[in-house]
1. What number of residues in segment 500-512 are loosely packed, with under 14 Cβ neighbours inside 10 Å and within 24 Å of Pro84 (Cα to Cα)?
2. Quick one: would you say Glu428 is in a helix (DSSP H, G or I), of a type in the set (Asp, Glu), at pLDDT below 95 and surrounded by 15 or more Cβ atoms within 10 Å (Cβ to Cβ)?
3. In segment 1-59, what residues are of a type in the set (Phe, Trp, Tyr) and within 23 Å of Ala504 (Cα to Cα)?
4. In segment 131-148, how many are more than 23 Å from Asn96 (Cβ to Cβ) and out of contact with any helix residue (DSSP H, G or I) (no Cβ under 7 Å at 6 or more places or on another chain)?
5. Here's a check for you: in segment 247-284, which residue that is of a type in the set (Val, Ile, Thr) and over 18 Å from the mean Cα position of the chain (by Cα) is nearest to Val141 (Cα to Cα)?
6. Considering Ala125, Ala118, which residue is touching a helix residue (DSSP H, G or I) at 6+ places or on another chain (Cβ under 6 Å) and closer than 20 Å to Asp69 by Cβ?
Amino acid sequence: MFLLLAPMTAILGGLIVPLFSNGRTRRLFVLGTTLVTSAVLIGICHAQTNENITLFSLTPVFSIGFRLDAVNRLFLLLIAFLWPLSILYSFEYMENDPRQSSFFTFYILAYGITQLLAMSHSLFALYLFYECLTLITLPLVTHYENEDSLRAGMVYLKYTVGGAALGLIGLIVYGQLNASGVFMPHGQQLSNSSPAALPLVFVQLSFLLAFIGFGAKAAVFPLSAWLPRVSVAPTPVTALLHAVAVVNAGVFSCIRLIYDCFDLKMFYGTWVQTVLLLLSSFTIVFGAVMAVRERHLKRRLAWSTVYNLSYMLFSASLMTQDGLRGSLTHFIFHSLMKMILFFCAGTFLLRAKAEYLPELRGLFHRMPVTVIIYTLAGVSLTGIPPFVGFLSKLNIVTAALDLGSWPAWVGAGAVILSSVLACVYLLEPAVQMFFLPSTDNRSSEMNKAKGVSSEKKSPLVSVSSSAAEQHRSLDPSWRILVPLLILTALIIVLGFWPSPVYAALTQAVSLY
């Protein structure tokens, strides 16, 4: 049971959080629980344990069990690193919120559920915790309990639960094909008689529907609209949704579906692969165009997440070792970059009441550190060397060109086009913050908006507009700056020295 020590620590800690009425004591407990969980999780990952736990088994396919392999170890190490930073950031962001107990309860529970999803040893277990993650994060999306938040929560629920229903189709077909029920590279445990028992076109169609279903959390078109809608949630939640847990769970599920459930010979070079490549390519261009059009910073970053997730899905759909390497590379690096960008966007809102682009003008003079950090992360995500964004995009484009098929070339073109558009939507705010004169925060953009942002209505934002404070520094305290500085240093260092990440990726893709 050593394997379950970390997720059970997080889940138990989350259940205990409501018992603390004192804010300081609660924060210390939350931080301690998160750090202990991450330390244990890192220890488990480095122990290279071969432990395989089965908690429940109705049939070989319908079983709940857990194990470690080179692929889920990457996911687990990523969340073990990012979750404590997100917790530290949330301490200042949620400081004046009256519902901190509820917030931190579900925030820690989500940590445990994400670990269980990553450790799942079968498609059934993954499906189960995929649904659990939706239910655990729903109260975080609806945290403010106003009309906008509740509406966003319903959209989130419909898209992700509806998508999971499609994933259930793949689970049923998988049960007919797989003799052991557990994940194996290229579905090595497919029974000898099963592939002939079902028509190939039926298996292919079921696989495609399951990919779209599990891809709902990865915001694949046409299931993309929910992601920008949940931007009404507190920024620590949107960072969790967009950079750490939920969307990564969607990509991770699709990778498992492609590489560990079925024999790739059933799909490689067929109409199924063509559909997957073109669908993800379309999502890339669609998301980038929508990001350019959006004037609200957090929603702009949400559309950015939509198409960056499709980078990973596109690369995974190449169904080659190089494609999987490119997908996992962006899986890791995008999480680092996007968490920085969302943390910065939340800090602009928290400290300067700025959430629409015109409200960002001249902000460099009052928040120089935060603006510089945002700019560095934005430059990295556009794919400009020597940052990590360039490395992951290079891996994806190279893998696509090596495959040589026309859908792969279309996808490579989509990646390049979206990178050009990224220069527009990511660097436009930076230009405004550095070079344009500041304006009244009551901008015309706000007057044109359909209602006031739910975050604006929260008690978090309380910045005086008096003339005496117009030149006061608005850069945040160490609780926000420390996570930002650590992540920024990491995307720079890994841009010059990515070999530790590449070594882990090589070990992961060698299984396939």
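The values are calculated or read from the model by the stated rules, or taken from the named source; none is laboratory data. Values in this document were obtained by computation on a predicted structure and should not be read as measured data. As a convention, Cβ positions derive from the backbone with ideal geometry for all residues, glycine included, and neighbour counts pool all protein chains shown.
1. Taking segment 500-512 and keeping what is loosely packed, with under 14 Cβ neighbours inside 10 Å, we get 500, 503, 506, 510.
Those still in the list that are within 24 Å of Pro84 (Cα to Cα) too: 500.
Total meeting the criteria: 1.
2. On the way: in a helix (DSSP H, G or I): yes; of a type in the set (Asp, Glu): yes; at pLDDT below 95: yes; surrounded by 15 or more Cβ atoms within 10 Å (Cβ to Cβ): yes.
Criteria met by Glu428.
3. Initially, segment 1-59 is screened for residues of a type in the set (Phe, Trp, Tyr), giving 2, 20, 29, 56.
Within segment 1-59, Phe2 is the sole residue that qualifies.
4. Pass one, segment 131-148, residues more than 23 Å from Asn96 (Cβ to Cβ): 131-136, 138.
Among the residues that remain, those that are also out of contact with any helix residue (DSSP H, G or I) (no Cβ under 7 Å at 6 or more places or on another chain) are: 135.
Residues that pass the stated criteria total 1.
5. Residues of segment 247-284 of a type in the set (Val, Ile, Thr): 247, 251, 255, 258, 270, 272, 274-275, 283-284.
Among the residues that remain, those that are also over 18 Å from the mean Cα position of the chain (by Cα) are: 258, 270, 272, 274-275.
Details: Ile258: 30, Thr270: 39, Val272: 34, Thr274: 35, Val275: 32 Å.
Step by step, filter segment 247-284, then rank; the result is Ile258.
6. On the way: Ala125 fails: touching a helix residue (DSSP H, G or I) at 6+ places or on another chain (Cβ under 6 Å).
Only one candidate passes the filter, namely Ala118.
Here is a yes/no grid of residues against (1) more than 26 Å from His242 (Cβ to Cβ); (2) modelled with pLDDT under 80; (3) not in a loop (DSSP other than H, G, I, E, B):
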{"position": "Leu157", "(1), (2), (3)": "no, no, yes"}
{"position": "Leu166", "(1), (2), (3)": "no, no, yes"}
{"position": "Ile172", "(1), (2), (3)": "yes, yes, yes"}
{"position": "Ser180", "(1), (2), (3)": "yes, yes, no"}
{"position": "Pro195", "(1), (2), (3)": "yes, yes, yes"}
{"position": "Leu209", "(1), (2), (3)": "no, no, yes"}
{"position": "Gly213", "(1), (2), (3)": "no, no, yes"}
{"position": "Ala216", "(1), (2), (3)": "no, no, no"}
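For (1) crowded, with 24+ Cβ neighbours inside 10 Å; (2) within 23 Å of Pro185 (Cα to Cα); (3) modelled with pLDDT of 85 or more; (4) not polar (S, T, N, Q), each residue gets a yes or a no:
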position: Ala219; (1), (2), (3), (4): yes, no, no, yes
position: Val230; (1), (2), (3), (4): yes, no, yes, yes
position: Ala233; (1), (2), (3), (4): yes, no, yes, yes
position: Ala239; (1), (2), (3), (4): yes, no, yes, yes
position: Ala243; (1), (2), (3), (4): yes, no, no, yes
position: Val246; (1), (2), (3), (4): yes, no, yes, yes
position: Val251; (1), (2), (3), (4): yes, yes, yes, yes
position: Arg256; (1), (2), (3), (4): no, yes, yes, yes
position: Asp263; (1), (2), (3), (4): no, yes, no, yes
